[in-house]
1. Read through the list (1) surrounded by 10 or more Cβ atoms within 10 Å (Cβ to Cβ); (2) free of Cβ contacts under 8 Å to residues at least 24 places away in the same chain; (3) within 29 Å of the chain's Cα centre (by Cα), then give the number of the only condition that residue 85 fails.
2. From the residues in the stretch 1-43 that are assigned to a helix (DSSP H, G or I) and touching a helix residue (DSSP H, G or I) at 6+ places or on another chain (Cβ under 7 Å), which one is nearest to residue 86 (Cα to Cα)?
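What follows draws every value from the coordinates through simple rules; no lab data is involved. Quantities reported herein were computed from a predicted structural model and do not represent experimental measurements. Because the Cβ atoms are built from the backbone with ideal geometry, glycine has one as well, and the counts that use them run over all protein chains shown.
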């Protein structure tokens, strides 16, 4: 932009910087252009048109729902199919964002004790990280449960060993041909 004098340039730049610091628009807003489908989207709709005419069994969802009731031989019908396809893509994108937000919300949920299912609080301190955390009150209970499980596993293993040893002892005296 040519300026007639340095003073004009200084005044322009001064107002520009004032508007920028105030986070106001520094330029005239551009007019928003009407939506136009991409070349790929038009090619996809034309492909669906071909499949609908020549191989209807190859036409999958959501194509059937999108082109249902439209005359794709005209530009208006193809443009309407492109609009429907864009709406479908927008809905799918929004659903993915929603699912991602839900997954993040689950991750940010307060940790809970595995035994009593109580959430963490200042008086209930959790030991461990993430999903595998247990409160200090339940640590003794968990240790007792683990010890009882180990005792029962050891006892059952010893019983099996005794039974197996008794079987071996009873079989040792038997002739070899009967073992097979």
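1. Condition (2) is where residue 85 drops out.
2. First pass over the stretch 1-43, keeping only residues assigned to a helix (DSSP H, G or I): 6-21, 39-43.
From what is left, the residues that are touching a helix residue (DSSP H, G or I) at 6+ places or on another chain (Cβ under 7 Å) are 41-42.
Details: 41: 8, 42: 11 Å.
It comes out as 41.
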